[in-house]
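Every number here is computed from the coordinates shown, using simple stated rules; none is lab data. Everything numeric in this text was worked out from a predicted model, so none of it was measured. Glycine gets a Cβ as well: all are built from the backbone with ideal geometry, and neighbour counts include every protein chain shown.
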Amino acid sequence: MQQAIAILDSGVGGLTVAKEMMRQLPRESMIYFGDTARTPYGPRDLQEVRSFTHQIVDHLMTYNPKMIVIACNTATAAALDEITDKLDIPVIGVIHPGARAAISKASNGSIGVIGTQGTIDSGAYTHALEQISPFVNVVSRACPSFVPLVEQGHFDSRATYEIVKNELQPLRELPLDCLILGCTHYPFLADTIQRVMGPSVNLISSAEETAREVSTILYEKGQLEISDDIPQHTFLYTGASELFEKISKKWLAEYLTRTQSTWQNVSL
Ligand code: DGL
């Protein structure tokens with residue numbers, strides 16, 4: 001039995017990271033946890049998000065994973081340090097990978113960050129970016145209406161375009177070089193966000209860099225899966241099933257064909 005990599009988010013957002021992990025690490029089995037009953041995390045107090053994250057991690061640990069990926073920026077801002085201290089397996093979040101990806105792409109140093117209220121208020125991105133480079137100019141904005149749109153599967157309707165345009169209006173007037181999608185739900189809206197921001201703004205998601213970090217850590221620990229066994233993915237969710245299953249099956253379709261995948265409703 002393969003030891004899986006555990007991934008968690010408030011809902012479907014972490015699937016954007018899971019997809020990239022499946023692309024870069026096709027032999028690995030994954031356990032995904034979407035806390036769809038309590039999404040969104042963004043408007044909640046960080047203390048509450050921290051306690052939710054502990055609960056989910058405790059549940060995931062019963063599956064004996066080899067690593068935990070907190071594929072939620074809000075939970076990363078709230079709980080990464082505590083979870084890392086508490087476990088003796090590797091734990092990573094998505095904020096530092098997102099910051100690194102942006103620095104590697106930014107040419108004029110003007111970086112926009114959009115995220116949930118909790119992530120933006122925590123200042124975690126500004127801190128992570130400034131830790132890497134003293135030359136960046138960071139402009140942040142919370143976009144509270146985006147996560148509910150994604151959880152409902154409204155990725156590219158006319159109404160979604162109008163909401164996205166409205167929310168990003170203040171950023172459209174700035175000479176931004178790149179825009180960090182500082183919430184793992186936002187890559188579902190990437191086409192709409194790109195249309196609103198225009199082709200000159202480089203959209204940055206943390207997924208690629210996070211998957212690369214997972215790969216590096218497992219390689220260094222000698223824990224990369226090398227067998228040709230069929231990967232087994234388990235998708236756990238706490239809320240109603242239809243939308244979560246539908247969105248995950250569609251979003252990950254190309255990576256689920258040669259796997260054994262199961263969906264399961266759980267309560268914590
Ligand atoms: N996808 C999560 C994030 O990256 C959580 C969004 C939410 O639940 O508000 O922050």
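For the reader, a short list of remarks on this structure follows.
- Selection count, the range 69-83, where residues are buried (at least 24 other Cβ atoms within 10 Å of the Cβ) and of a type outside the set (Gly, Ala, Ser): 6
- Conditions (1) touching a strand residue (DSSP E or B) at 6+ places or on another chain (Cβ under 8 Å); (2) within 16 Å of the ligand (Cβ to nearest atom); (3) part of a helix (DSSP H, G or I); (4) closer than 24 Å to Lys221 by Cα: number failed by Ala75: (4)
- Filter pass, Glu208 being free of Cβ contacts under 8 Å to residues at least 24 places away in the same chain and surrounded by fewer than 19 Cβ atoms within 10 Å (Cβ to Cβ): no
- Sole residue being within 16 Å of the ligand (Cβ to nearest atom), hydrophobic (A, V, I, L, M, F, W, C) and either part of a loop (DSSP other than H, G, I, E, B) or within 17 Å of the chain's Cα centre (by Cα) (or both), chosen from Leu203, Leu176: Leu203
- Taken together, the residues in the range 104-133 that are in a helix (DSSP H, G or I), surrounded by fewer than 19 Cβ atoms within 10 Å (Cβ to Cβ) and touching a helix residue (DSSP H, G or I) at 6+ places or on another chain (Cβ under 6 Å) amount to 1.
- Matching residues in the range 126-180 - criterion: being under 26 Å from Ala37 (Cβ atoms) and in contact with a strand residue (DSSP E or B) (Cβ under 6 Å, 6 or more places away or on another chain): Cys143
- Residue-level analysis places Pro43 among those that are surrounded by fewer than 24 Cβ atoms within 10 Å (Cβ to Cβ) and within 10 Å of the ligand (Cβ to nearest atom).
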